[in-house]
Amino acid sequence: MKPSILVVDDEKEMREMLILILEDEFSVSTASDGKEALKLLKSHPFDLCILDLMMPYRDGMEVLGRLSEENNRIPVIILSARTDPRDRVTGLEKGADDYVIKPFDPNELIARVKSVLRRTGGRTDRGIRVDREGRTAYVDRTELKLTRIEFDLLEALTSAPKRAWSRSELVERVWGLDFPGDERIVDTHVKNLREKLKKAGETSERIKTVWSYGYKWRSPS
């Protein structure tokens, strides 16, 4: 499934151009102002937002502020004609992951989008996002309150969807080579992780048991 991007710009021609640039590699939706963008960001689990600054109703800086207030950790690239270094600094301080100045090179924009998605971890699939750098994970807009062990298990399983991990492999990756305990400790933590995913609103059973072996991450069909 293609990563999903929300393009927010009040100029119709710019929105249409960005769709043409991005649609081969990404699923692209658009909003024409900050108010519409915030509504879409609340109801759809986008992987990344490309955000203009100068817009009616709510400008880009206001959108960044609201996302921060709501603890919405979606990656954001500001795409703006403003060239003042102070705007760049303010945008990055408010939570943007990158700042691109118009006019821009299409190939550079695509490269920057991919770079931000790699750096932030993106969403693993349909509403579940693992931020490996920040060590946080989300189901849609709900942050999972995970222990260190639970996060490391989730990170391992989602790093290689469909790979079957043995219990001993998970113990080595999460607890380390010198762990003296029983490898069945994995079962207890997987159970806790499943419960937290379900409580956060994930209805599918993503962590599949591989009988007499271990576990694997199951992407949605």
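General remarks:
The rows are residues; the columns are (1) open to solvent by 50 Å² or more (accessible area, probe 1.4 Å); (2) touching a strand residue (DSSP E or B) at 6+ places or on another chain (Cβ under 6 Å); (3) more than 24 Å from V7 (Cβ to Cβ); (4) not in a helix (DSSP H, G or I).
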| site | (1), (2), (3), (4) |
| --- | --- |
| N107 | yes, no, no, no |
| R112 | yes, yes, no, no |
| S115 | no, no, no, no |
| I149 | no, no, yes, no |
| R173 | yes, no, yes, no |
| D182 | yes, no, yes, yes |
| L197 | no, no, yes, no |
| S204 | yes, no, yes, yes |
| S212 | yes, no, yes, yes |
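- Positions within segment 19-49 being open to solvent by less than 20 Å² (accessible area, probe 1.4 Å) and in contact (Cβ under 8 Å) with a residue 40 or more places away in the chain, in sequence order: L22, F26, F46, D47, L48, C49
- T142 passes every criterion in (1) over 21 Å from the mean Cα position of the chain (by Cα); (2) open to solvent by 60 Å² or more (accessible area, probe 1.4 Å) apart from (1).
- Of all residues making up segment 162-171, the number that are surrounded by 15 or more Cβ atoms within 10 Å (Cβ to Cβ) and assigned to a helix (DSSP H, G or I): 4
- The single residue among I149, I110 that is within 25 Å of E205 (Cα to Cα), among the β-branched types (V, I, T) and in contact (Cβ under 8 Å) with a residue 24 or more places away in the chain turns out to be I149.
- Some residue of segment 120-137 being in contact with a Lys or Arg (Cβ under 7 Å, 6 or more places away or on another chain), farther than 22 Å from K216 by Cβ and without any contact (Cβ under 8 Å) to a residue 24 or more places away in the chain: yes
- Scan of segment 151-161 for residues that are small (G, A, S) and open to solvent by 10 Å² or more (accessible area, probe 1.4 Å), ordered by number: S159, A160
- Among the residues making up segment 184-195, a single one is of a type in the set (A, V, I, L, M, F, W, C) and either open to solvent by 40 Å² or more (accessible area, probe 1.4 Å) or on the phi > 0 side of the Ramachandran plot (or both): I185.
The values are calculated or read from the model by the stated rules, or taken from the named source; none is laboratory data. Keep in mind that this is a model prediction, so the values were computed, not measured. Quick reminder, even Gly has a Cβ in these numbers, built from the backbone with ideal geometry, and neighbours come from all protein chains shown. Side chains are part of the model used for accessible areas, which takes the heavy atoms of the whole protein and leaves out ligands, DNA and RNA. Shrake-Rupley method; radii C 1.70, N 1.55, O 1.52, S 1.80 Å.
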